[in-house]
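Okay, so here's the structure we're looking at.
The values are calculated or read from the model by the stated rules, or taken from the named source; none is laboratory data. This structure is a prediction, so every number in the text was calculated from the model and none was measured. Cβ: placed from backbone, ideal geometry, glycine included. Neighbour counts: every protein chain shown. Protein only, heavy atoms only, side chains kept; ligands, DNA and RNA dropped before computing areas. Shrake-Rupley method; radii C 1.70, N 1.55, O 1.52, S 1.80 Å.
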Amino acid sequence: MNRKLIIYSVAAVMIIGAMTAAILLKDNDSKKAETGPEAVVEAFSRALAAGDFGKAAELCDTISMADYMDRYRKTWESLHKKDSSVLGIASSILKDAQISIEGTEKKDGHRIVRYTIETAGNTKTRTATLKKGEKGWIVEDVTDAI
């Protein structure tokens with residue numbers, strides 16, 4: 001009888017240990033999955049460049065960014081109506097853009113990310129303001145850098 005009790009006890013300890021390890025690994029993976037503000041800015045910029053407005057909307061505050069997104073979408077649709085090949089060329093150039101993070105600072109619970117987008121000899125410097133949302137960092141505002 002004692003032998004069965006020992007076997008069951010060892011098995012129980014192994015199962016509890018495995019379950020604890022799985023929980024700890026899951027928690028660790030979820031922390032790794034959280035994307036920092038710089039990566040969100042880059043993903044947001046690339047989604048807009050590709051015309052993936054759904055993905056861009058997932059990465060921003062759709063209320064505060066409504067005008068920005070609307071202007072971008074209207075320009076995208078206008079180019080598509082005028083000449084879809086122009087849009088294709090522009091999209092290809094933007095897809096290969098180099099995005100460089102110039103700096104990040106904390107301000108009142110927000111992150112201010114200054115970044116540069118360089119495409120085919122053209123450079124544009126921007127400033128994005130991000131806030132922490134339920135699912136991570138989201139873009140709240142994008143302006144030309146001062």
Checklist entry - List the aspartates and glutamates whose alpha-carbon lies under 17 Å from that of Lys107, not counting same-chain residues fewer than 8 positions away? => result Glu38, Glu140, Asp141
Checklist entry - Under a 1.4 angstrom probe, counting protein chains only, how are Asp67, Asp108, Asp144 ranked by accessible area, largest first? => result Asp108, Asp67, Asp144
Item to check | Cross-link table Lys95/Lys135; Lys74/Lys124; Lys55/Lys82; Lys95/Lys131; Lys95/Lys132; Lys55/Lys95, entries beyond 22 Å C-alpha to C-alpha | outcome: Lys95/Lys135; Lys55/Lys82; Lys95/Lys131; Lys95/Lys132
Item to check | Most to least packed among 117-128, 38-49 [average Cβ atoms within 10 Å] | outcome: 38-49, 117-128
Checklist outcome for this item: Length gained if Ala66 through Asp108 is fully extended, taking 0.36 nm per residue and subtracting the Cα-Cα distance, is 12.9 nm
